[in-house]
Each structure stands twice: as structure tokens, then as C-alpha cells.
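The structure appears below as C-alpha cells.
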Amino acid sequence: MAQVRQLRQKIRSVKSTAKITRAQEMIATSRIVKAQQAVAASKPYADRITQALSALVSHHVGVDHPLLHEQPTDNRSAVLVVTSDRGFCGAYNVNVIREAEALITRLRESGREPVPYVIGNKGITWYRFRDRHIQESWSGFTDRPDFASAERIGRRLTEDFLKTDAEGGVGEIHVVYTEFVSRLTQEVRVTRLMPLEIQEGTGLDVKVPPAYDFEPSAQAALDLLLPNYVESRIFHMLLQSAASFQASVQRAMKSATDNANELVEVYTRQMNQVRQAVITQEISEIVGGADALADSGGE
């Protein structure tokens, strides 16, 4: 009976765990909808600012900005790694870090010096545990990104891009993040953020940028739009990563709940087998005792 009590205790413990994972699954499911809405809401702005910049660069000869040019004298490459602040999300952070490490290896093989910039406590912990240098880190907003955080990150990266190597600057900036494709599919992406690569018509219905009139001048508009473009790109990537994180949590918690329910069934079968064996043994003892009494009475 001691074994039966142990199995009952295990069943209660696993059922309690299943309730927690089920609750986490439901919370993540509700948050996925909000995260998807945030991604959809940010996309029109990102598309329009891309369209405006493409039109400005294409139709105004002579406009120039340092963010549009390669910096061959700068040998350092920034790698912005977007992870999460929390766990219970399956292989979400592992996949991002693995892709970031592959990018860092490729950069080193090409003769460049990679410089990590990390978003999210999980990534920060991973690098610090291995005594890896981090140029800058941010955390506390990965579940629900806000534009102020993206603006902070964008300004720091832009400032470092405009510096020289001697001043601690970087010559190019890459971003490793997770793109939300669907609730079942999230893909890790590696994007070069700077120098800017503006593609005309990307994601838009029109293929030829319209001829905008910029005031006070095209150059002034370029100086204003480019930093906003960088910040909006980062914000959109953060929203994509947040939606992917919630989808990963939902999938991981569903898997944990299913595993817990299967484990309860296994423990229940084991308990029933033990109880059946105990009952069978007791019946055998009773029958044996009755036979012994009958034999002694017959004598």
C-alpha cells in the first residue's frame, strides 16, 4: 500500500503541474492575438516610410547621408541578438543564439570583428555565463515591446555606426531575430540593418516610388527620416520576436500539458496494477486461510 500512496502523490503532483502549464498555454494563446495585431498595426508605417525614403533617394540626385554608405575603414560588425526575458518557450532562444553564433563565426572568417548587442535576459545570461563581452544590453520589454525602447536601441546603434573603430564604433550592423510566420511556424532571420539597403516597392502595391515634394529640403527630410526608419525597423523586429515568443510559449506549454496527461495515465495504470496485485494477494490469503480452517475442521 505504500507504493500505492507514492503513486497517488505523483499523480496529484503531475495533475497540479498540468493545471499550471494549461493556464500558461491559455495566457500565451490570448497574448498571441494581441501580438499579431501589434505586428499588423506597425507594418503600414514601416511600408510607408520605406516608400518615402526610396522615393527620396531615387528622385533627388545629390542627397547624401552617412547611413547610406559602406564604411570600409571600420573593421567591427555589430550583431544585435533579440532574445526573450522569460523562458518556458521551447527552442525559441536556442535557435536565435545558434544563428547569432553562426553569423559571428562567418564574420570572423571574413576578417571582421563581431561585437554583440543583446536584447533579453536569456541572451544576456547566456553571454555572461560564458564570459563573453557584450557591448550593450537591454531587457524588460521583450514580451510587450514599445517604441521608446526601439528608439533607445536605434539611437545607440546609429551613434556607434557613425563612430570610427578608434572611437568604439562599428562599420555595419546585423540583427538576428525571429519572424512570426504563423502560430506553428516562426523563422530566425538575419538582416543587415546598416548600411541601409532600401528596396523600392518592398511589401507595397506600387513598384515605382511617387515623386514626393519634401520641405524644407530633400536633404533635411533625409536627415530626419533615416533615423526614424532605423527605429521603425527595430520596432517591427521586436514585435515580430514578441509574437514568435508567445507562439513558442503556447506550443511548449501545450506539449508540457499533453506530456503531463500522458504521465498521469501511466501512473494511474501502475497504481491500478499495484492495487490489483494487492487485492489478488489478499484474496489468495483469505482463500488459503479458509481452506486451512476447513481442513482443520474436517479433521
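The values are calculated or read from the model by the stated rules, or taken from the named source; none is laboratory data. Owing to the predicted nature of the structure, the values given are computational and were not obtained by experimental measurement. Note: ideal-geometry Cβ built from the backbone for every residue, glycine included; neighbour counts use all protein chains shown.
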Inset, instruction - Please indicate, with yes or no, whether at least one residue in the range 51-62 is at pLDDT 70 or above, outside any loop (DSSP other than H, G, I, E, B) and under 27 Å from VAL115 (Cα atoms). - result: no
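Does ASP160 fit the bill of being of a type in the set (Asp, Glu) and surrounded by fewer than 21 Cβ atoms within 10 Å (Cβ to Cβ)? It would help to see each step written out before you state the result.
Working: of a type in the set (Asp, Glu): yes; surrounded by fewer than 21 Cβ atoms within 10 Å (Cβ to Cβ): no.
When the stated conditions are applied, ASP160 does not pass them.
Residue-by-condition table, conditions (1) among the basic types (Lys, Arg); (2) surrounded by 18 or more Cβ atoms within 10 Å (Cβ to Cβ); (3) outside any strand (DSSP E or B):
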residue: GLY111; (1), (2), (3): no, no, yes
residue: TYR117; (1), (2), (3): no, yes, no
residue: ILE124; (1), (2), (3): no, yes, yes
residue: ARG128; (1), (2), (3): yes, no, yes
residue: GLU151; (1), (2), (3): no, no, yes
residue: ILE173; (1), (2), (3): no, yes, no
residue: LEU193; (1), (2), (3): no, yes, no
Inset, instruction - Filter the range 215-254 down to the residues that are free of Cβ contacts under 8 Å to residues at least 60 places away in the same chain and in a helix (DSSP H, G or I), then identify the one that is farthest from SER182 (Cα to Cα). - result: ALA220
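In the range 175-191, how many residues are part of a loop (DSSP other than H, G, I, E, B), of a type outside the set (Lys, Arg) and under 21 Å from PHE235 (Cα atoms)? Steps first, please.
First pass over the range 175-191, keeping only residues part of a loop (DSSP other than H, G, I, E, B): 181-185.
Now drop any that are not of a type outside the set (Lys, Arg), which leaves 181-182, 184-185.
This time we only want the ones that are under 21 Å from PHE235 (Cα atoms), so: 181-182, 185.
Matching residues across the range 175-191 total 3.
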Inset, instruction - For the range 226-245, enumerate the residues that are among the polar types (S, T, N, Q) and either under 16 Å from GLY140 (Cα atoms) or touching a Leu at 6+ places or on another chain (Cβ under 6 Å) (or both). - result: SER241
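For the range 157-171, which positions are over 21 Å from THR83 (Cβ atoms) and either assigned to a loop (DSSP other than H, G, I, E, B) or touching a residue at least 12 places away in the same chain (Cβ under 8 Å) (or both)? First the steps, then the outcome.
Pass one, the range 157-171, residues over 21 Å from THR83 (Cβ atoms): 158-159, 161-169, 171.
THR158, PHE161, LEU162, LYS163, THR164, ASP165, GLY168, GLY169, GLY171 - these are the residues of the range 157-171 that are over 21 Å from THR83 (Cβ atoms) and either assigned to a loop (DSSP other than H, G, I, E, B) or touching a residue at least 12 places away in the same chain (Cβ under 8 Å) (or both).
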Inset, instruction - Tell me which residues, restricted to the range 89-102, are surrounded by fewer than 17 Cβ atoms within 10 Å (Cβ to Cβ), closer than 17 Å to ARG132 by Cα and of a type in the set (A, V, I, L, M, F, W, C). - result: VAL94, ALA102
Legend entry - Residues located in the range 130-147, provided they are hydrophobic (A, V, I, L, M, F, W, C) and either in contact with a Leu (Cβ under 7 Å, 6 or more places away or on another chain) or not in a loop (DSSP other than H, G, I, E, B) (or both): TRP138, PHE147
Inset, instruction - Look through the range 187-239, keep the residues that are of a type in the set (Lys, Arg) and closer than 26 Å to ASP85 by Cβ, and return whichever of them is modelled with the highest pLDDT. - result: ARG189
Inset, instruction - Six or more apart or on different chains, Cβ under 7 Å: which pairs go from a residue in the range 97-110 that's in contact (Cβ under 8 Å) with a residue 24 or more places away in the chain to one that's in a helix (DSSP H, G or I) and of a type in the set (Gly, Ala, Ser)? Could you list them? - result: ILE97/GLY123
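Which ones in the range 247-299 are basic (Lys, Arg), within 24 Å of LEU7 (Cβ to Cβ) and surrounded by 13 or more Cβ atoms within 10 Å (Cβ to Cβ)?
The answer is ARG275, and nothing else.
Can you say whether THR105 is of a type in the set (Ser, Thr, Tyr) and under 25 Å from PHE245 (Cα atoms), as far as the supplied structure shows?
no
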Inset, instruction - Scan the range 255-270 for residues that are aliphatic (A, V, I, L, M) and either touching a residue at least 24 places away in the same chain (Cβ under 8 Å) or touching a Ser or Thr at 6+ places or on another chain (Cβ under 7 Å) (or both) and jot them down. - result: ALA256, ALA260, LEU263, VAL264
